[in-house]
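Have a look at the structure below, then the notes.
The values are calculated or read from the model by the stated rules, or taken from the named source; none is laboratory data. Please read these numbers as outputs of a predicted model, since none were measured by experiment. Positions of Cβ are backbone-derived with ideal geometry, glycine not excepted, and every protein chain shown enters the neighbour counts.
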Amino acid sequence: MQNKHCIIQRLIDKDRDCMNELYDTYIHHIQRMITKSDINPIDHEKIITQLFRAIWSSPEILNKEKHISISITKLCLTLTKSYVISVR
């Protein structure tokens, strides 16, 4: 993938190819994290969808950390945690 600022700018410009590249790059990592949680496998796709919708609607959230991978990891953990709390 390209550098962080270029990726974020492409997402701000609503570049679907960039979103697809981001998805392809991180989906396995995201799936592993969600699988390790106490979430029903049926609901995994809901969290993944919510994560990528958040990135699509506000790509600037990827600026919170030095690396995109860290931003995505933290966002996934936050969404997973809030999902577990809301289901209980």
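Looking only at helices (runs of 4 or more DSSP H) that fall completely inside the stretch 1-68, which ones have 1 or more residues that are β-branched (Val, Ile, Thr), within 13 Å of the chain's Cα centre (by Cα) and within 20 Å of SER82 (Cβ to Cβ)?
16-35, 44-57
What tally of residues in the stretch 22-49 results from selecting those that are modelled with pLDDT of 95 or more and closer than 20 Å to LYS66 by Cβ?
Number satisfying all stated conditions: 5.
On the given criteria, is ILE7 buried (at least 16 other Cβ atoms within 10 Å of the Cβ), more than 13 Å from CYS76 (Cβ to Cβ) and in contact (Cβ under 8 Å) with a residue 12 or more places away in the chain?
So ILE7 fits the description; yes.
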